[in-house]
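Worksheet: one structure, shown below.
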Amino acid sequence: MKAIQRLQEKWKVGPGQFWLVILTFALGGSLSGRLCSFLLKLVFLEKNWAFWLIYPLFLTILWPFSVIFVSFFTGQFRFFKGYLGRVGSRLLGSGVGGNDVAGTFAAPSTASAAPVHIAIFASGAGSNARKIIEYFEGGGARANGVSKGSGTLSTTAAPIKVSLIVCNVPGAGVLEIAKEKGIPTLMINKAEFAATGYVESLHNAEIQFIVLAGFLWKVPEVLVRAYPKGIINIHPALLPKYGGKGMYGSRVHEAVIAAGEKESGITIHWVNEHYDEGGIIFQATCSIDASDTAETLANKIHALEYAHFAPTIEKVLT
């Protein structure tokens, strides 16, 4: 069972897609073996030493074509296109071959200038989502080689594109933003999200990185495993304080003010299977005045979010 889970993590697939991939491997291998035997019979080659010398060579050549052919029927063409590309790149020694998220995010080769496709998960109005979308529509900091933080973002880095909006609330404002911007949407329900994480749907949309921007559901372990170091969230407080289940929106600001804190801020962090416990990537602070209310503090926090979230995403990906 652990071996299967490790393979799912390595291939970044859910349980359903995993067995389809295995089926494709098996059928592709069987088909390539039959084709190889058929072609060798056509040249009337006996099963002597020459046969066993040529058979593995033919099998190696035919296998990828057979697997790709079968993948059309099992619905796994995109997976095997990427998989065979990575295998081919390793054999050629190029070190380039796909956009795996493992340990730390690995951006695509800049030689191909292929965009990094990200999905934004949101449950509400989508103000942060809009800022992120428009930031990358304008080319981000890289468009002018603008320095952000301790480093300068390269103008040759692969472009970043918001390619999917994932939402769990029908009628949420973020869906109107997606419609306005021409971005595909994926509506999700809680039961299936907990069971599958919609991993297969995300992979079919070629999503390589996930941004939580006001998304209120806990991310299931199956999705965390599929995107290790590939999901980030923004929290409207300075973690590890004022985080955890139920701590979102005005609840956070009310708790911060009630505790008599002198400052608050934002925390951008990696997502794991626990609420607000992933490693911290970036924090920014603002002061809390004696006259501040939850509403006025929220405005300060929003300003920090709009200023720092998209550039931090860019730095992580480049």
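Every number here is computed from the coordinates shown, using simple stated rules; none is lab data. None of these values were measured; they are calculated from a predicted model. Every residue, glycine as well, gets a Cβ built from its backbone with ideal geometry; the counts of neighbours run over all protein chains shown.
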Förster radius 45 Å - calculated FRET efficiency between E176 and S30 (Cβ-Cβ, nearest 0.05): 0.35
N299-E263 pseudo-label distance in nm [points 7 Å out on the Cα-to-Cβ vector]: 2.2 nm
Spacing of the two label points (7 Å from each Cα toward its C-beta) at N204 and K161, in nm: 1.9 nm
R0 of 22 Å, Cβ-Cβ distance E254-A290: FRET efficiency to nearest 0.05: 0.90
³J(HN,Hα), Karplus 6.51/-1.76/1.60, whole Hz, each residue of the range 248-260, x for Gly, Pro: 8, x, 5, 4, 5, 5, 5, 5, 5, 5, 4, 7, x
Virtual spin-label span in nm between L39 and V169, 7 Å along Cα→Cβ: 5.7 nm
